[in-house]
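Working notes for the structure below.
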Amino acid sequence: MKNLNFIDLFAGASGMSEGFIKAGFNPISHIEMNPEACLTIKTRAAYHYLKSKKKLELYYQYIKGEITQEAFYKEIPNKILNSVLNVEINDDTITGLFEKIKQSGKQIDLIIGGPPCQAYSLLRRHQDKIEEDPRNKLYIQYGRFLEEFEPKAFVFENVPGLLSAHKGQHFENLKIYFKELGYEVYPKTLIASDFGVLQARKRIIIVGWKKENDFGFPEFEKIIQEFKVNDAFQDLPKLKPGEGFKTTNYTQSKNEYLEKFELRNGVDFVTQHISRPHNTRDLAIYKTAIELWNKGKERLRYPDLPEELKTHKNVTSFNDRYKVVDGLGISHTVVAHIAKDGHYYIHPDVKQCRSISVREAARLQSFPDDFFFEGSRSAAFKQIGNAVPPLMANAIAKKMKELLCQKS
C-alpha cells in the first residue's frame, strides 16, 4: 500500500492523528493554536520518530523526568518538531500556513480535524448567541485547505449539535460549501463505546470524498464488549485528593481490556496519575454522591443536599453538578470542563473519594499510557476533554485507508 499523507487541522492534543498514524498514515503537519497542546503534539511526534528508529529509551527517560525537554528535543530532527505549527487559523495566517505545508514537497491525500466545537454545544445554543461566535464559521477555513491541497478525502469531527444548530442551517451551509469545493459529504453520529472506548461519547463524523473517489460513509463493525470503567482503572495506584505521581508503577498485571485495546502498550510504568485537591465541603458532597450511586445508581440532586453543604441558592441550573463515573458501566462524556473542576467526574471508589486523575481521564478517552500531555494538570485535563478518542479515530483511519488504497 502506498504511503498516505495527511494534515491535521485544529489538532488539539492529536488524539485523532494518533489513530491515523497507528493505521499507517503519514502526518505532514499539525496545526493548533493552543501552546500546551502543540507541545504535546511535538512530544508525541518525537515518540513516533524514536519508535521508528528503535530509540524509545530516550523518550522514556524524558517522560520519567530524567532529562529536560530542551535536551530531549535536541535529539529530534527539526523537520519533525517544525511540522507542528502553533498558529491560529484565520484570514491573516492561512497563506503562510499553506506555504509551510508545501515546503514538505508531499502530496496531501487526506485532511482530518474538527474546529472548536463549543459554538455548537447545547449551552451555547441555549444562549442564542451562536451567530455572534466566530467559531461557527471555522469550517470555511477548513474548506480553504481543501481548495488549496485538493486531497482525495477529508474527515471532519464535531459535536452532534452541529447538525441541529440554528435549525439545521449551519450544517446545510457547510454541506453546500464543501459540495461547491468538489466533495460529496456524508455525516453520521458515531458513539465512542462502539469502538472500545469506555465512554458514551457521541460525535458527528463528516466524511467527504472527491466526486471521482466517492465511497459514501464507511461501514464500521460495532464492537460488542462487556468491559467497564473499573477495568480501565484497576491497575492504577489508589490516590487521596491532591495526591499524585508523575511516574509510578502499576499495582497489578494488565487485564484483558488494557491488553486488547493496547492502553498498556509496552511501558512498565505509568505517568501523570495525578488528582486535584478538594475542600472539606466538596469531599462531603462527593462521599454522598458516591454512596448514592453505588447503592442504587441514583444521581445526587443538588437541591437534596443538606443546607450546610450548599454553596449557592440556584437549585435549578446546577441540579446535576455532581456526577459519579459509573465504575460498573461506561462513563458519561469527558469534556474540557474537567479542567475547571472535578465535580462532574467523581471517582466511583468511596475510599478514594476524589475526582478522577489525569491518567484516568486519558484512559477513558482511550489514550495509551505512553502518551504524555504537556503543561499543567489543568492544561492536560483540557487537552484530554477536547480530544477525539484514539481508538475511535483508529477505526475510522483503517477504513479510510482501505478505501483510499482501493481507489489507488
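The values are calculated or read from the model by the stated rules, or taken from the named source; none is laboratory data. It should be emphasised that the depicted structure is a prediction, and the values quoted were computed from it without experimental measurement. Neighbour counts are summed over all protein chains in view; Cβ atoms, including those assigned to glycine, are modelled from backbone coordinates with ideal geometry.
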Q) If you check residue 36 against the conditions, is it within 18 Å of the chain's Cα centre (by Cα) and either farther than 18 Å from residue 394 by Cβ or not in a helix (DSSP H, G or I) (or both)? A) yes
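Rundown of residues vs (1) surrounded by fewer than 18 Cβ atoms within 10 Å (Cβ to Cβ); (2) at pLDDT 95 or above, yes/no style:
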site	(1), (2)
182	yes, yes
197	no, yes
203	no, no
211	yes, no
226	yes, no
244	no, yes
258	no, yes
(Q) Can you pull out every residue in segment 232-260 that is assigned to a loop (DSSP other than H, G, I, E, B), over 24 Å from residue 342 (Cα atoms) and touching a helix residue (DSSP H, G or I) at 6+ places or on another chain (Cβ under 7 Å)? (A) 255
Q: Give the residues of segment 175-220 that are in contact with a strand residue (DSSP E or B) (Cβ under 8 Å, 6 or more places away or on another chain), part of a helix (DSSP H, G or I) and either free of Cβ contacts under 8 Å to residues at least 40 places away in the same chain or closer than 26 Å to residue 332 by Cβ (or both), sorted by residue number.
A: 175, 178, 179, 192, 193, 211
(Q) Being acidic (Asp, Glu), over 18 Å from residue 393 (Cα atoms), assigned by TED's automatic domain parsing to the domain that holds residue 235 and assigned to a loop (DSSP other than H, G, I, E, B) is the requirement here; does residue 370 meet it? (A) no
Q | residue 207 being at pLDDT 95 or above, among the aliphatic types (A, V, I, L, M) and in contact with a Gly (Cβ under 6 Å, 6 or more places away or on another chain) | A | no
Q | Condition broken by residue 168, with the remaining ones in (1) at pLDDT below 95; (2) at negative phi; (3) not acidic (Asp, Glu) satisfied | A | (2)
Q: Return yes or no: is residue 375 touching a residue at least 60 places away in the same chain (Cβ under 8 Å) and on the phi > 0 side of the Ramachandran plot?
A: yes
